[in-house]
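The structure under discussion appears below in the form of structure tokens.
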């Protein structure tokens with residue numbers, strides 16, 4: 001099968017969720033019978049060079065596209081007339097449309113796989129079987145963000161949420177099949193033909209052998225892209241409302257906020273009350289294996305939190321809110337401590353600090369759970385099955401009204 005795999009961001013370096021999914025899938029697909037032709041938007045020649053070096057051997061061909069920032073900014077005004085979401089108009093370009101049409105004609109793929117609805121517009125009218133990996137419900141994400149933001153950004157997020165909701169419906173009706181990483185997000189599209197395909201994790205037993213000698217220290221840790229609103233919100237609330245209580249009782253403990261692109265607000269926490277803001281780190285496992293407790297108090301966002309998979313795979317005893325655990329099917333109190341409010345969060349951290357046995361049990365159970373249920377091999381196996389169904393001429397035409405949920 002020849003698949004045209006199209007991404008809105010370069011799969012490498014895999015710093016964000018969509019990049020990570022594309023990177024891991026393309027690497028794993030290299031061992032399958034699928035021939036991948038990658039089309040990716042890149043931000044610079046250096047990024048293109050890295051991309052070709054890292055996944056060039058995994059693809060039959062790589063085509064790169066780029067849009068100037070100034071053009072993207074001008075494109076935002078198109079929302080006033082075409083009523084498409086801002087995120088879609090950022091990528092809209094007639095020259096690129098022509099270039100994509102030429103690539104499709106050259107490759108003549110059996111299937112087109114588009115990552116996120118942001119670039120789905122380019123292939124809405126093609127007759128070639130096509131699959132959209134929505135990853136998460138962007139309209140729901142914007143709606144939740146609108147509830148937290150202040151005016152005028154609150155109003156912008158509300159408008160974007162409504163535009164995205166209508167656009168997502170249009171994409172779902174035009175594409176053969178769709179993918180989401182979390183079952184909870186499928187509730188936003190009750191009539192759609194959606195397959196749930198959770199993420200995996202690159203952290204395996206073999207991978208962790210490099211970090212066996214690292215000893216746990218008195219560190220409480222959160223990690224993620226620290227320029228991403230839900231992560232900034234999570235740590236802002238934690239630092240202001242929870243950490244002073246923990247720090248006052250356990251002054252020898254440190255709070256590590258680990259991850260790239262920390263916002264100015266997050267950076268301002270560095271050096272206060274034993275708080276360490278690391279910024280980008282080469283290998284997050286070094287920190288996850290060094291910390292004693294992981295805290296993941298997510299209050300907004302959609303999709304699946306890769307950070308939870310990574311933390312548990314590293315054996316980090318963790319406390320998390322329900323929103324942080326969405327998409328992780330079957331996880332229980334044996335693997336992670338679930339909390340619903342700040343008091344519960346504070347008590348749970350306090351208990352974990354004092355109870356070494358509880359920490360050790362959570363560490364083992366959480367790690368076993370991830371290794372047993374979540375891998376990129378399973379993810380890609382499901383992906384190929386979805387592609388095969390979409391590409392088949394015998395696909396039931398009525399299936400668009402059915403909701404499929406394939407769980408790993």
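Taken together, the values in this text are just the output of simple stated rules run on the coordinates, not laboratory data. Here the structure is a predicted model, which is why all the values come from computation and not from measurement. As a convention, Cβ positions derive from the backbone with ideal geometry for all residues, glycine included, and neighbour counts pool all protein chains shown.
Helix 153-174 versus the longest principal axis of the chain: what is the Cα-based angle in degrees, 0 to 90, to the nearest 10?
Taking Cα atoms only, the helix is inclined about 50 degrees.
Against the longest principal axis of the chain, how steep is helix 376-391, in degrees 0 to 90 to the nearest 10, with axes from Cα atoms?
For helix 376-391, the angle is close to 20 degrees.
For residue 53 paired with residue 356, estimate the spin-label separation in nm (one decimal), with each label point 7 Å from Cα along the Cα-to-Cβ line.
With each label point 7 Å from Cα toward Cβ, the separation is 4.5 nm.
How much mean residue ellipticity at 222 nm does the chain get from its helices, if each DSSP H run of length 4 or more adds -39500 (n - 2.57) and you divide by all residues, to the nearest 500 deg cm²/dmol? Don't jump to the answer; show the numbers that get you there.
On the way: 18 runs with 171 residues, N = 408.
Here the helix-only value at 222 nm equals -12000 deg cm²/dmol.
Using a Gaussian network model on the chain with a 10 Å cutoff between Cα atoms, which of 348, 264, 182 fluctuates the most?
Among 348, 264, 182, the largest GNM mean-square fluctuation belongs to 264.
Using a 10 Å cut-off around each Cβ, can you sort 247, 113 from fewest to most neighbouring Cβ atoms? Before the final figure, lay out each step's value.
Working: 247 19, 113 28.
Placing the least packed residue first, the sequence is 247, 113.
Points 7 angstrom from Cα along the Cβ direction at residue 338 and residue 74: gap in nanometres?
5.1
Hey, what did the chain get for relative contact order, percent, Cα under 8 Å, at least 6 apart? Display every interim value, and only then the final one.
Numbers: 748 pairs, mean separation 63.3, N = 408.
Relative contact order for the chain comes out at 16 percent.
Beyond 41 Å, what share of the Cα-Cα pairs of the chain remains, rounded to the nearest whole percent? Write down the numbers at each step before the final one.
Working: 12585 of 83028 pairs.
Here the long-distance tail beyond 41 Å is 15 percent of all Cα pairs in the chain.
Please find, in a Gaussian network model of the chain (springs between Cα atoms separated by less than 10 Å), the residue of 289, 254, 150 whose mean-square fluctuation is greatest.
150
Between residue 388 and residue 207, 0.36 nm times their residue separation minus their Cα-Cα distance comes to what?
Numbers: separation 181, 0.36 × 181 = 65.16 nm, distance 3.14 nm.
Stretched out fully, the residue 388 to residue 207 stretch lengthens by 62.0 nm.
For helix 94-107, report the angle its Cα long axis makes with the longest principal axis of the Cα atoms of the chain; keep it between 0 and 90° and round to the nearest 10°.
On a 0 to 90 degree scale, this one is about 80.
For the chain, modelled as a Gaussian network with Cα springs under 10 Å, which listed residue fluctuates most, 279, 248, 315?
The residue with the greatest mean-square fluctuation here is 248.
In which sequence would 160, 217 go, from the one with the fewest C-beta neighbours within 10 Å to the one with the most? Write down the numbers at each step before the final one.
Numbers: 160 21, 217 11.
In order of increasing Cβ crowding within 10 Å: 217, 160.
Counting other beta carbons within 10 Å of each Cβ, put 298, 304, 142 in order, fewest first. List each step's numbers first, then the result.
On the way: 298 21, 304 29, 142 25.
Fewest-to-most ranking of 298, 304, 142: 298, 142, 304.
Would you kindly calculate the mean projected area, averaged across all directions, of the convex hull enclosing the Cα atoms of the stretch 207-373, in square nanometres? Kindly include the intermediate steps, with their values, before the conclusion.
Working: hull surface 35.2 nm².
With the hull built on Cα positions only, its mean projection is 8.8 nm².
Compute the distance in nm between two label points, each set 7 Å from the Cα along the Cα-to-Cβ direction, one at residue 46 and one at residue 264.
Reported label-point gap for residue 46 and residue 264 is 2.4 nm.
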